Amino acid sequence: MSAKRASEQGGRTFTEEARRAQIVRAAIDTVAEHGYPNTSFSKIAQRAGLSSTGMISYYFAGKAELFDEVVSTVLRAAEEFVGPRMRHEPTYRGRLRAYIESNLDFMAKYPGHTLALAEIIIGTRDRDTVPVGAINQATASIDALVDCLDKGLAAGEFADVEPRVMAVAIRGAIDNTLRHHMLTPGVDLESYGSKLADLFDRATRAGS
């Protein structure tokens, strides 16, 4: 087996994977700067330092595939940021707080990722083109919250709440904070995160 074949992942070489990642990073930065409606392959190619848009078309079948990968990349990064903080907490109440605060902390530390994600989802909300990655990852995020609330309820840490209803409410509050952040520059996301965590801690606390 050749060294090249040995390095392939899912039919792609490391070089091809690196080029795809380069294009995705450029797409994230371009959408964050120009907005989803004003983002073109030409602008992405220029940002990535590519000689032509044909190189993007070589790695991605079209705009839908590229932006599906962009959304999946951003949401994976968010999970890698949030997940360890949740797992570090010994209690389910602590994990719920970590989930809320770290989601807003991610927004603050990765504004380009956050803006790109919001632009793409808002830009496709009225069409049947919302990236599949967004749907799958959003469902996984809700499921992770439901699991935390279910187990915390069984452990006696949470009040008798409906876990999925509460999970949707928490996710909705985080997503609307993102919208507020986009429209209101200078929002203190750390403070918002702490206050949201306090709010849902009181709403879910056993004996509340």
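Couple of notes before you dig in:
- Flag for residue 101 being over 24 Å from residue 203 (Cα atoms), acidic (Asp, Glu) and assigned to a helix (DSSP H, G or I): no
- Residue match in the range 138-147 (condition: modelled with pLDDT of 90 or more, part of a helix (DSSP H, G or I), open to solvent by 10 Å² or more (accessible area, probe 1.4 Å) and hydrophobic (A, V, I, L, M, F, W, C)): yes
- Just one of (1) over 25 Å from residue 204 (Cα atoms); (2) open to solvent by 50 Å² or more (accessible area, probe 1.4 Å); (3) of a type outside the set (A, V, I, L, M, F, W, C) fails for residue 88. It is (1).
- Pair list, Cβ < 8 Å and 6+ apart or interchain, from the range 94-105 residues that are closer than 12 Å to residue 196 by Cβ and among the β-branched types (Val, Ile, Thr) to residues that are modelled with pLDDT of 95 or more and open to solvent by 10 Å² or more (accessible area, probe 1.4 Å): 100/196; 100/200
- Restricting 43, 4 to those that are modelled with pLDDT of 90 or more, part of a helix (DSSP H, G or I) and either over 20 Å from the mean Cα position of the chain (by Cα) or small (Gly, Ala, Ser) (or both) reduces the list to 43.
The values are calculated or read from the model by the stated rules, or taken from the named source; none is laboratory data. Remember, predicted model here, so these are calculated numbers, not experimental data. So basically every Cβ, Gly included, is an ideal-geometry build from the backbone, and we count neighbours across all protein chains shown. Each accessible area value is taken on the protein alone, full model and side chains, heavy atoms only, with ligands, DNA and RNA left out. Shrake-Rupley method; radii C 1.70, N 1.55, O 1.52, S 1.80 Å.
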